[in-house]
Amino acid sequence: MTSPKSAPTARGPLVAWHRRAGGRIETVEGWEICVSHPVQPDAPRSGGNLLLDWSHRSVTELGGPRVSELVSGLVGADVAVRRMAAARSGIVCRLTPARAIVFGDPGSGVLGDPAAVDVTGGWSTIVLAGPDAINVLSLLSSADLRTRAMPVAAVRQGPVAGINTLLCHFAGHWELHACPDSIVSLWEAVLDEGQAYGLQVAGAERLGEVVTVGGGGEEGTT
């Protein structure tokens, strides 16, 4: 009798980096992820600057003339272009009138819709949190990231460290979404510039300190 094969384990592009850095890797809900990193002696217990890998989150693209309808079903109202809103277990980023990206589980109803495409393998996410996050990003981007130019809940796509990045501004953190082929370079660029601000790498177990379960909460409203 042949034993049933187990489902394949998904692995984000930063897992090898985490292993080399001494991160603890576990399999969680079908994903091999870094759950923790060794705590550095001078690391602050709270309130410091953190860099986290969130590449194990599902991603869905919505496209076509029914995007407004689908977005409204997810968040209760339509979302303006270049803005985002909190959905049931993630965020919805409106890129154009006919295109939106959902980071997180959109639910079976949306996934079964012809206008929705699972593009999880096409995106990776890193989270930059802390009081100096904007200072770190400003060293890597020529864009004006000050709140008056890019307020909370704003979405902007452009180069960060020369890498095309979808940048999302939350009240307490920034999410940087990019192609998996480029995410290691982006991660290392952010980490390098962040050293002057005491930036620490953290595992997924600390995501709850940075983001709410829904991915944005009140921070992600339009």
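The values are calculated or read from the model by the stated rules, or taken from the named source; none is laboratory data. Here the structure is a predicted model, which means the values were calculated and not measured. FYI the Cβ positions are ideal-geometry reconstructions off the backbone, even for glycines, and counts take in every protein chain you see.
The table below gives the values:
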read-out	value
Residue in region 22-29 that is in a loop (DSSP other than H, G, I, E, B), surrounded by fewer than 18 Cβ atoms within 10 Å (Cβ to Cβ) and at pLDDT 95 or above present	yes
Selected residue (criterion: nearest to the chain's Cα centre (by Cα)) from residues of region 118-156 that are of a type in the set (Val, Ile, Thr) and assigned to a helix (DSSP H, G or I)	Thr120
Top-ranked residue in region 168-189 [being surrounded by fewer than 21 Cβ atoms within 10 Å (Cβ to Cβ) and of a type in the set (Gly, Ala, Ser); ranked as nearest to Leu137 (Cα to Cα)]	Ala189
Filtered residue count, region 116-131, keeping only those that are surrounded by 14 or more Cβ atoms within 10 Å (Cβ to Cβ) and more than 22 Å from Ala178 (Cα to Cα)	0
Test for Ser72: is it under 14 Å from the mean Cα position of the chain (by Cα) and farther than 20 Å from Pro151 by Cα	no
Per-region count, region 140-167, residues in contact with a Gly (Cβ under 8 Å, 6 or more places away or on another chain) and either crowded, with 20+ Cβ neighbours inside 10 Å or more than 22 Å from Ser124 (Cβ to Cβ) (or both)	3
Matching residues in region 157-180 - criterion: being assigned to a loop (DSSP other than H, G, I, E, B), under 14 Å from the mean Cα position of the chain (by Cα) and closer than 18 Å to Leu50 by Cα	Phe170, Gly172
Which listed residue, of Thr120, Thr147, Thr125, is free of Cβ contacts under 8 Å to residues at least 24 places away in the same chain and either under 18 Å from Trp187 (Cβ atoms) or of a type outside the set (Gly, Ala, Ser) (or both)	Thr147
Boolean, Asp192 is farther than 22 Å from Val59 by Cα, free of Cβ contacts under 8 Å to residues at least 12 places away in the same chain and surrounded by 13 or more Cβ atoms within 10 Å (Cβ to Cβ)	yes
